[in-house]
Amino acid sequence: MEGARVFRVPRWALEEVLSHARSEAPLEACGLLAGRDGRVERVYRLTNADRSPYTYNADPRELLAAFNEMEEEGMDLLAIYHSHPATRAYPSATDVERAFYPEATYLIVSLMGEARGEPPEVRAFRIAEGRVEEETLSVE
């Protein structure tokens, strides 16, 4: 993998991801960030077909529709996001095993501290061939 990378996300997109994570808690939420030239233009809220507080699996029909729309509009997959309602924002063994898009950033939102009045923790990673590398997250 490459050296330290920066993933830039506009504040509006991060707020959308946080809203989705909170609305699905205590289950994990999942979705995609798409755009052009590395700039996030769209958030795709997807249904977690696992309906689980510990794993996520995007609904295949919604995922296909999102990829078709991205292709039609000339957008790239920039990030895959999901939430950890009760654990920290770090890829679990299952997250690493299911990381099928090494070119994408994996954005993880932890809500575990919100019950204590703490802000959510959001971190960005590249996951390829079983290796996890944290990226710098820049909110713009």
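Nothing in this text is a laboratory measurement; each read-out follows from the coordinates by a stated rule. No experiment lies behind these values; they were computed from the predicted model shown. For neighbour counting, all protein chains shown are included, and Cβ atoms are generated from backbone atoms with ideal geometry for every residue, glycine included.
If r is the Cβ-Cβ distance from residue 92 to residue 72 and R0 is 35 Å, what FRET efficiency results, to the nearest 0.05?
That gives a FRET efficiency of 0.60.
Check which residues have an amide H placed less than 5 Å from residue 55's amide H, if you skip close sequence neighbours.
28
Evaluate the range 58-140: find the radius of gyration of its Cα atoms, find its Kirkwood radius, and give the ratio Rg to Rh.
Expressed as Rg/Rh, it is 1.01.
Rounded, prolate or oblate: which fits the chain, taking a ≥ b ≥ c as square roots of the Cα gyration tensor eigenvalues, rounded meaning a/c under 1.5, else prolate when a/b beats b/c?
rounded
As a test of the formula, what do you get for the chain when each DSSP H run with n ≥ 4 contributes -39,500 (n - 2.57) and the sum is divided by the residue count, at 222 nm and rounded to the nearest 500 deg cm²/dmol?
Helix-only estimate at 222 nm: -7000 deg cm²/dmol.
Starting from 0.36 nm per residue, how many nanometres of slack lie between residue 4 and residue 134 once their C-alpha separation is accounted for?
Taking residue 4 through residue 134 to full extension adds about 46.0 nm, to one decimal.
Spin-label point model (7 Å from Cα, Cβ direction): what's the residue 19 to residue 54 distance in nm?
Between residue 19 and residue 54, the simple spin-label model gives 3.2 nm.
Step through the residues of the range 71-80 one at a time and calculate ³J(HN,Hα) from phi using the Karplus curve (6.51 cos²θ - 1.76 cosθ + 1.60, θ = phi - 60°), rounding each to whole Hz and writing x for Gly and Pro.
5, 4, 9, x, 9, 10, 6, 9, 8, 10
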